[in-house]
Amino acid sequence: MEVIKLIETAKDNNSRLSEVDLKDRIDEKKGLSCSISIDENKSFQTFKGFGGAITEASGYVLSKLSPEKQEEVLNAYFNEKLGNNLTFARTHMNSSDFSLENWACVEEKDETLESFSMERTDKYITPNLQKANIIKNKKLKVMISTWSPPKWMKSNNDMNHGGKLLPQYKELLAKYWVKFLDNIKARDLNVELISIQNEPAAVQTWDSCIWTAEEEGEFSAKYLGPALEKAGYDNIKILVWDHNREILWDRFSTSMKAENADKYIGGAAFHWYSGDQYDQVAQVAKYFPKKELVFTEGCVEGGPRNGAWFTGERYAHNIFNDLNNGCTAWIDWNILLDMEGGPNHVGNFCDAPILADASENKLYYQSSYYYIGHFSRFIQPGAIRLFTEIEGYMTPCTIDGRVGNTIECTAFKNPDATISFIVYNRTEEDAVYDLKLSNGKSLGKIKCPARGIQTAILK
């Protein structure tokens, strides 16, 4: 086993997913910051891949760019050789906050669903999903979530401000889902995951709807699951929760108590907005090892951070810890936003890995784009996570002098038998780590630049 390739991104040099000369990084004489070992004999979850969200907002911003720039963005994300090789794309049924306004596929009360329309979905969303699917050689995996049912199905007659699904519409909402999936299938797209409600515990000023864990379990197992099965969509996995990690275990384990839940609920989805509660991910992975654990949304809130470096580091910290605690797929939020961090119909502006200035037909690649690429380009779908261990020494430029969470890593064995090892250094000085195998053999003392991330390919 040896390091055959080293790819690097760092704040203070020109490296951006750049292959570097091994001689410039290996066998450093400088004192060690830590020793990191990889054990091929200890393995964990199989990883399905990375993704990003094609929302109405992302599609709208794309439409304002030249055809060449539109192609560049989609290739930057989904192309295996030219970009980050994302395999999943998440989008929304009905509107989300990252839509131009509230809308639904059935706007006015119609219990027959005969007025069902894909007009809004087809304007900015499905054309870009189809283009991404072509880039992926028809192997793009689509995830669909709802932010709100149509307002006439809800207790508050409003797609915003929470409210609840009226009990008499549980069966009809399941039929609505099937109708939407039929239309997506007709557009030659493959849906692999759905979540029945985005952030079901939050009353938002934008599109939202409240569901208890018991209600999600019942709806999945009694209404939606059987409806999908009857329609021939039993291969699609239903995910519940789709909200923050903080109470992931409580929500998922409660939903799983519903009758037939194990048959119809495929896993749990979660976000990062409540902080680092990775123990919640680990607990679900431990007690429900056959279920999917999908990170489905994270972004830097409060508007765009064009040129900021901490944004990429936030992504890395979350990806490392989600993966190391059992996550089976990791999907980012909007693939593209404008220079205001939108459009968003309630002003909930956020950052994105690529920002676009449509007036100048110019793209701005953020640190988060490069940091995500260190994982998504080199951890292949079907890769199996391996055990890694950091033995810390001293990091002179940290507050307490210890490695702590300033140096983090993960390793995956790919289907082609290579191992992708990713490490990052969040300190202000170069860090040298001794990369070892479980038998104690050293693969080299490698320097990771300050505020930098590296991917080493082992063979």
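The values are calculated or read from the model by the stated rules, or taken from the named source; none is laboratory data. Remember, it's a predicted structure, so these values are computed and weren't measured experimentally. Cβ sites come from the backbone with ideal geometry, for glycine too, and all protein chains shown count toward neighbours. Ligands, DNA and RNA are stripped out before the accessible areas are found, and what is left, the full protein with its side chains, is counted by its heavy atoms. Shrake-Rupley method; radii C 1.70, N 1.55, O 1.52, S 1.80 Å.
How much length is gained on full extension from D12 to E114, taking 0.36 nm per residue of separation minus their Cα-Cα distance? Each step should come with its number before you reach the end.
Working: separation 102, 0.36 × 102 = 36.72 nm, distance 5.81 nm.
Result: 30.9 nm gained on full extension.
How high is the relative contact order of the chain, in percent, counting Cα pairs under 8 Å that sit 6 or more residues apart?
23
Pulled fully out, how much extra length does the chain show between S155 and L32, if you take 0.36 nm times their separation in residues and subtract their Cα-Cα distance?
Contour length minus Cα-Cα distance gives 38.2 nm.
Using the alpha-carbon centroid of each, what span in Å lies between the range 250-299 and the range 375-442?
If you average the Cα positions of each part, the centres end up 26 Å apart.
Which whole-number percent of Cα pairs in the chain have a distance greater than 35 Å?
Roughly 30 percent, once rounded to a whole number.
Counting only heavy atoms of protein chains, what accessible area per residue, in Å², does the range 154-256 have with a probe of 1.4 Å? Could the numbers behind the result be given before it?
Values: 3920 Å² over 103 residues.
Accessible area per residue, the range 154-256: 38 Å².
If you take every DSSP beta bridge fully contained in the chain, what fraction is antiparallel? Give it as a percent rounded to 5.
For the chain, the DSSP antiparallel bridge percentage is about 55.
Go through the range 227-243 residue by residue and turn each phi into a ³J(HN,Hα) via Karplus (6.51, -1.76, 1.60, θ = phi - 60°); whole Hz please, and just put x for glycine and proline.
Each residue of the range 227-243 in turn: 5, 5, 4, 4, 8, x, 10, 5, 7, 7, 8, 8, 10, 10, 6, 6, 8 Hz.
What distance in nm lies between label points placed 7 Å from Cα along the C-beta direction at E259 and T46?
For E259 paired with T46, the spin-label model returns 3.3 nm.
Read phi for every residue in the range 302-315 and hand back ³J(HN,Hα) as whole Hz from Karplus 6.51 cos²θ - 1.76 cosθ + 1.60, θ = phi - 60°, with x for Gly and Pro.
3J(HN,Hα) across the range 302-315, in whole Hz: x, x, x, 10, 4, x, 5, 9, 4, 4, x, 5, 5, 4.
Normalised by the residues of the range 352-396, what does the relative contact order come to in percent, with Cα pairs under 8 Å and at least six apart? Each step should come with its number before you reach the end.
Numbers: 20 pairs, mean separation 11.1, N = 45.
Relative contact order here is 25 percent.
Beyond 31 Å between alpha-carbons counts as too far, so tell me which of K81/K436; K5/K123; K81/K413; K179/K286; K286/K445 fall in that bin.
Numbers: K81/K436 29 Å; K5/K123 42 Å; K81/K413 20 Å; K179/K286 35 Å; K286/K445 34 Å.
Checking Cα-Cα distances, K5/K123; K179/K286; K286/K445 exceed 31 Å.
Once amide H atoms are built 1.01 Å from N in the peptide plane, which residues 5 or more positions from I335, or in another chain, come under 5 Å H to H?
It is A53, T55, by chain and number.
Mean separation of Cα pairs under 8 Å and 6+ residues apart, divided by the residue count of the range 315-459: what relative contact order is that in percent? All intermediate terms of the calculation are to be shown ahead of the outcome.
Numbers: 228 pairs, mean separation 24.5, N = 145.
Normalised by residue count, the contact order of the range 315-459 is 17 percent.
Solvent-accessible area per residue for the range 330-420 at a 1.4 Å probe radius, Å²?
Details: 3310 Å² over 91 residues.
Heavy-atom SASA per residue in the range 330-420 reads 36 Å².
Starting at the first residue of the range 317-325, write each ³J(HN,Hα) from the Karplus equation 6.51 cos²θ - 1.76 cosθ + 1.60 with θ = phi - 60°, in whole Hz, x for Gly and Pro.
Along the range 317-325, the couplings run 4, 5, 5, 3, 6, 5, 4, 6, 10 Hz.
Heavy atoms only, 1.4 Å probe, whole protein assembly: order E40, E68 by accessible area, highest first.
The ordering from most to least exposed comes out as E68, E40.
Could you please state how large a percent of the accessible area of the chain is carbon and sulfur, counting protein chains only and using a 1.4 Å probe? Provide the component values of the computation, followed by the final result.
Values: 8140 of 17790 Å².
Carbon plus sulfur share of accessible area: 46 percent.
Roughly how many Å is it from the Cα centre of the range 123-152 to that of the range 166-194, as a whole number?
What the calculation gives is 13 Å, centre to centre.
What is the extension gain from E101 to E68, computed as 0.36 nm multiplied by their sequence separation minus the C-alpha to C-alpha distance, in nm to one decimal? Mind showing how you got there, number by number?
On the way: separation 33, 0.36 × 33 = 11.88 nm, distance 2.77 nm.
That works out to 9.1 nm of additional length.
Heads up, I need the accessible area for H374: 1.4 angstrom probe, whole protein in place, Å², nearest 10.
0
What's the angle, to the nearest 10 degrees (0 to 90), between helix 126-135's Cα axis and the longest principal axis of the chain?
So the helix axis and the longest Cα principal axis differ by about 40 degrees.
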